[in-house]
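The values are calculated or read from the model by the stated rules, or taken from the named source; none is laboratory data. Model, not experiment: these values are computed from the prediction. Ideal geometry is used to build each Cβ from the backbone, glycine not excepted, and the neighbour counts take in all protein chains shown. Note: areas computed on protein heavy atoms with side chains; ligands, DNA, RNA excluded. Shrake-Rupley method; radii C 1.70, N 1.55, O 1.52, S 1.80 Å.
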There are 2 protein chains.
Amino acid sequence: MQRLSKAIPIFQPKGLTKNVLKASSAQDLLQKLGFVKKSQSGVFQWLPLGLRSLRKINQIIRQGMNEGVNGQEVALSVLSPKEIWETTKRWNNNELFKLKDAKGAEFCLTGTCEEDITSLMKNYVNSYKDLPLMVYQIGRKYRDEIRPRGGLLRGREFIMKDGYSFAATKSDALELFRDVNVVYERIFQQLQIPVVKALADSGEIGGDLSQEFHLLHNSGEDTVFKCDACDEVSTMEKCEAIPVQEGKHLGKVAVKYALTTDHSTLICFYFPEGRELNWNLALKSMDSDIDIHLKDVHNDKILEIYKGELDDEMFACIMRVMDSRISSRSDFPDFPLTKYLKNNFSQLDGVPLVNAEDNEICASCGEGHLHGSKSIEVGHTFYLGTKYSGPLNLNFTDKDNIKNNTLVQMGCYGIGVSRLIGAIAEIYKDDLGLNLPSSISPYLVSFCVPPGDAESGTYVQLMNDLANISKLKNEIMTQFPSNTGLGGRITLSHSIGIPLCVIVGPKSWPNVEIEIRSPLLLKRKEPNWVGEYAIFHDQYNWNVIEENEKHPEKHIVSAAHLSDVISILLKGL
Amino acid sequence: MQRLSKAIPIFQPKGLTKNVLKASSAQDLLQKLGFVKKSQSGVFQWLPLGLRSLRKINQIIRQGMNEGVNGQEVALSVLSPKEIWETTKRWNNNELFKLKDAKGAEFCLTGTCEEDITSLMKNYVNSYKDLPLMVYQIGRKYRDEIRPRGGLLRGREFIMKDGYSFAATKSDALELFRDVNVVYERIFQQLQIPVVKALADSGEIGGDLSQEFHLLHNSGEDTVFKCDACDEVSTMEKCEAIPVQEGKHLGKVAVKYALTTDHSTLICFYFPEGRELNWNLALKSMDSDIDIHLKDVHNDKILEIYKGELDDEMFACIMRVMDSRISSRSDFPDFPLTKYLKNNFSQLDGVPLVNAEDNEICASCGEGHLHGSKSIEVGHTFYLGTKYSGPLNLNFTDKDNIKNNTLVQMGCYGIGVSRLIGAIAEIYKDDLGLNLPSSISPYLVSFCVPPGDAESGTYVQLMNDLANISKLKNEIMTQFPSNTGLGGRITLSHSIGIPLCVIVGPKSWPNVEIEIRSPLLLKRKEPNWVGEYAIFHDQYNWNVIEENEKHPEKHIVSAAHLSDVISILLKGL
């Protein structure tokens, strides 16, 4: 059979110059370089290069979950029936894409699968002997974001690894939670990306215990704080900060009203104007006795609701909560109720109520100073308890053989897979394009020959030698647009982040150039590898030609030694 | 880190006995054995075993497409905007799942991606130099079937490989079409399933040239006919049959009315009562000049429409088309128009108009007899021409450098991946469960030891020896429900179609039993393999203990030779 069709390994628009590479944002580069192509707001088509990187990430995650926590991989449908979401009271969520079938049945496109996995596991969990279990999947998720942004960082269709644990007891559940956190650290290490683990608020999903994994980068939407004494890292939402000096804010004070869950008491949170109320801390101060649905409701409206439920303003019950930064000498706003009894007033003083700021004191150790960094959230682990097993009735027969009397203790664990590609592009973008770690670069090696020369017998032999290196199976990029010259091919290889670029041309023959693009290989200092590197410097007449910060390190080596040298370099990737 | 969580490689409900295995339908077995679990009508959750089989099929398809036709793999979004479907006039399709986002924009969930891929490729196809190209993906598709049935055979969410070709000329496009057909035959061969290629009608998708790939099986919904002289195979829709004796049907005649596309002429198709009108043949008889929208409209309604557009019944224009099985002596129904001029009557005689029947004559060669078989469609290839590139304006600059003056010639190519699993289960189900070919069985080898003995040093060593066989990487099933005895483990291994079952127990030690489940291995007759088989019979003291149709072939071999014997057996899989 004739192979008529052409290879287009690079889905790239025309005219991708060095200046364009330099000037483009990381998210634009992912499109211009042919990793993805936006089809609609927040929706992307995955192109061959992106798909290759995606598969590498997936494989690392899969291996981590399988080997680390005995994860069982499944693939749940994207169509989830309304009923189970009503049971858990999550159907009324504006970010769910919803649809009806021809018979009128209602579905959503899953953005997360607690409901579906809990329903599924009811078929397989019967006895305490079936537990504990870990089930996960890697696949598309949907969220109807009003303002999708940041390319792959926040899409409406995105790829997520979501895992779910099932245990008989809380202590087993917490042990699984801890295990997954260890596995996550290992996964991010293998992905060769610097991720920090932060204590987190469990937010919408619920549950008591939660960790987030963040990539530190200025482009991030999130902020994490690290204490320089106890080293604890926490998200902005979770972080509790003590001001350097309490009660020293003498300027204007802002107030946010809230109501207790029974609407019997008006809560007034006072904090320095210009700072942001932290709802997590506010809830904590009141032992969560706050009607959280009123979180974003304007103060006036809350007063109106409160007064509406009050028989006589005289008997208003009021709780004042004072942020630790203010004191009675601060400049308070007028109090909106005019008739009230002092007896019905209570006050909490010295409570941390606002988002932390750089250099404030860590409330965990009470000693160190906090330092904030912008970051991108790429993973999240939750202990869920019975939040989902309760309403959906996932139970089991316990050790005393009492039938179905105990609810399963759950946990859930996410990694934003497509977001990871967006985030990695952000942190590894440079003037030449994307300088990807070898764990996710679409290929490990590019084989660049001048157009037309690719068919030459000598070059084919050299290429075949490389292809026989087992680590390079399906990892050598050989196909380039036919109208691209040797220089263009090298530029292309560098731009899409291939760590090793082999350049074969008549000029240097019988020597071959190798350009090392990988930032990690260049920085690698492990004794073993440095040793091998030194040996082959001698043995193979390996010479560094040029090395500077802007350009990959250029080397020259005899063609006869190419495979040996590449094999050793691969060990360092 | 402690590995707390348990493995449940088998997501199986309790109580799966030999009788249940024997009595269950193939589609039920896929659920009971833990390949998939139905979550709603036509929607399935993929479980670990099903996912393993699915990945194996995907890998074979991927390799076929990459190596055979230089396919470029992409992954398109499932959310497709209404606009492009309106442009190609396919939005009004009741089988599309449709939804709106929060801003009111409308989407469908893609059931096929001609519109999306054509839009995408507008970014990358500019010149004739960019062509020809082959792009494909493997992923979920959606079709809101009113009556989903047959388990994985006809779902509402299913997995499909859909490929699309782009060429500069019709002849290039047809060459790609032929190439893909060859690749498809190779893929089905590698999947070790008997598929026939049939000429097909291109139906809804349109275009001129189309082939279908069918698995012959009594449970199938389709029928294909093969001629015993020219060997041509065609689908029921495509097949043209000549009656053994023309005009011999003297019984009742049925009639179906139609209108020409301009509604100027009433067409009356006459054919033997009890036979089914074949629309493909009907269209062909009229050079497609038929208003196809009226296909399923009742005769009375068609007459009403026709009369409504007619000034005077006297001038009615009528075309009578006679199936070749009837003659003027047949028993015709009354003609519904009473006033008409004979001059405006025309008649076509001897046209094949109905679906073929067994033993009728093949119209292709005019000699052989046709034989029908029930079948399951698993693949389909189309030449599309400019059906999509036209309305969506996918064009290119030709060799004469005239800008964007030529439309791209397209083709599209589907394989029903999840349906394949359903179909393979149908054809390979036996009394023990699913007897899968090794190409798609979830594991190649099971390692069955009595519960509790798995930790024994000797057994672990034996297991590790097996695991070192490179073909067995990640291919040995070792984890069984802990409460299953040795017998239950063997039953389980056979039921999920693992071709080689290694049984290690104190009774036979230091010998080990191997049960060969694979139907193909047992039937294999290639001289090479028979030779090796004979050699190891001698060399390794390999002895057949028992062999019969109902049970796998049982052998016994010394534990010391286990790895060698398994290695040789694997060559035959």
May I ask you to give the solvent-accessible area per residue for the range B:241-351, in square angstrom, as obtained with a 1.4 angstrom probe?
55 Å²
Within the set of other residues whose C-beta is less than 9 Å from the C-beta of residue A:337, count the net charge using Lys and Arg as +1 and Asp and Glu as -1.
+1
Whole-Hz Karplus couplings 3J(HN,Hα) for the range B:96-113, θ = phi - 60° and coefficients 6.51, -1.76, 1.60, Gly and Pro as x, run 7, 6, 10, 8, 10, 8, 4, 8, x, 5, 9, 9, 10, 8, 5, x, 6, 10
With all protein chains present, chain B has a carbon and sulfur share of its accessible area (1.4 Å probe) in percent of 47 percent
For the range B:371-378, what does the Karplus curve 6.51 cos²θ - 1.76 cosθ + 1.60, with θ = phi - 60°, yield as ³J(HN,Hα) per residue in whole Hz, taken in order and with x for Gly and Pro?
10, x, 9, 5, 7, 10, 6, 10
Tell me the angle of helix A:48-69 to the major Cα principal axis of chain A, expressed in degrees between 0 and 90 and rounded to the nearest ten.
60 degrees
The FRET efficiency for residue A:41 and residue A:401, from their Cβ-Cβ distance with R0 = 56 Å and rounded to 0.05, is 0.50
Under the helix-only model (-39500 (n - 2.57) for each DSSP H run of 4 or more, divided by the residues of chain A), the mean residue ellipticity at 222 nm, to 500 deg cm²/dmol, is -7500 deg cm²/dmol
Could you pull the copy-to-copy label distances for residue A:346, with points set 7 Å along Cα to Cβ, in nm to one decimal and sorted shortest first?
9.6
Express in nm, to one decimal, how much length is gained between residue B:303 and residue B:561 on full extension, taking 0.36 nm for each residue of separation and deducting their alpha carbon distance.
84.9 nm
Residues meeting the amide H criterion for residue A:375 (H placed from the backbone, H to H distance under 5 Å, 5 or more places apart or on another chain) are A:217, A:220, A:221, A:222, A:223, A:224
Partner shielding of A:12-21, as the mean number of partner chain Cβ atoms within 10 Å, equals 1
Expected output is a single nm value to one decimal: the length gained when fully extending between residue A:186 and residue A:464, i.e. 0.36 nm times separation in residues minus the C-alpha distance. What is it?
96.6 nm
What does the charge count around residue B:429 come to, taking other residues whose C-beta lies under 11 Å from its C-beta (Lys +1, Arg +1, Asp -1, Glu -1)?
-3
So how far, in whole Å, is the C-alpha centre of the range B:130-144 from the one of the range A:345-417?
42 Å
What is chain B's relative contact order, in percent, from Cα pairs under 8 angstrom and six or more apart in sequence?
16 percent
Residues with amide H under 5 Å from that of residue A:209, placed H, sequence gap 5 or more:
A:383
Against the longest principal axis of chain B, how steep is helix B:527-539, in degrees 0 to 90 to the nearest 10, with axes from Cα atoms?
20 degrees
Take residue B:244 and residue B:347, extend 7 Å from each Cα along the Cα→Cβ direction, and tell me the distance between the two endpoints in nm.
2.7 nm
Partner shielding of A:66-76, as the mean number of partner chain Cβ atoms within 10 Å, equals 6
Given a Förster distance of 51 angstrom, what is the FRET efficiency for residue A:252 paired with residue B:28, based on the Cβ-Cβ distance and rounded to 0.05?
0.10
For each cysteine in chain B, check whether another cysteine's C-beta sits under 4.7 Å from its C-beta; list those where none does.
B:108, B:113, B:239, B:268, B:317, B:412, B:448, B:501
Please list A:35-43, A:558-566, A:309-317 highest first by mean number of surrounding beta-carbon atoms within 10 Å per residue.
A:35-43, A:558-566, A:309-317
Along the range A:325-338, what does the Karplus equation 6.51 cos²θ - 1.76 cosθ + 1.60 (θ = phi - 60°) give for ³J(HN,Hα), rounded to whole Hz, x for Gly and Pro?
7, 10, 9, 5, 8, 5, 8, 7, x, 5, 8, x, 8, 9
If you take each beta carbon of peptide A:133-143 and count the beta carbons of other chains within 10 angstrom, what is the mean?
3
Tell me the distances, shortest first, between residue B:327 and the same position across the other copies, using label points 7 Å along Cα→Cβ, in nm to one decimal.
11.8
What is the sum of charges, Lys and Arg at +1 and Asp and Glu at -1, for the other residues whose Cβ falls under 10 Å from the Cβ of residue A:469?
-1
0 to 90° range, to nearest 10: angle between helix B:562-571 axis and chain B longest Cα axis:
20 degrees
iface A-B | buried accessible area, total | probe 1.4 Å | Å², round 100 | 6500 Å²
Can you list, shortest first in nanometers, how far residue A:100 lies from the same residue in the other copies, with each label 7 Å from Cα toward Cβ?
1.1
Row for the range A:32-159, column shape: gyration tensor on C-alpha, a ≥ b ≥ c, rounded if a/c < 1.5 i.e. under 1.5, prolate if a/b over b/c, else oblate; value oblate
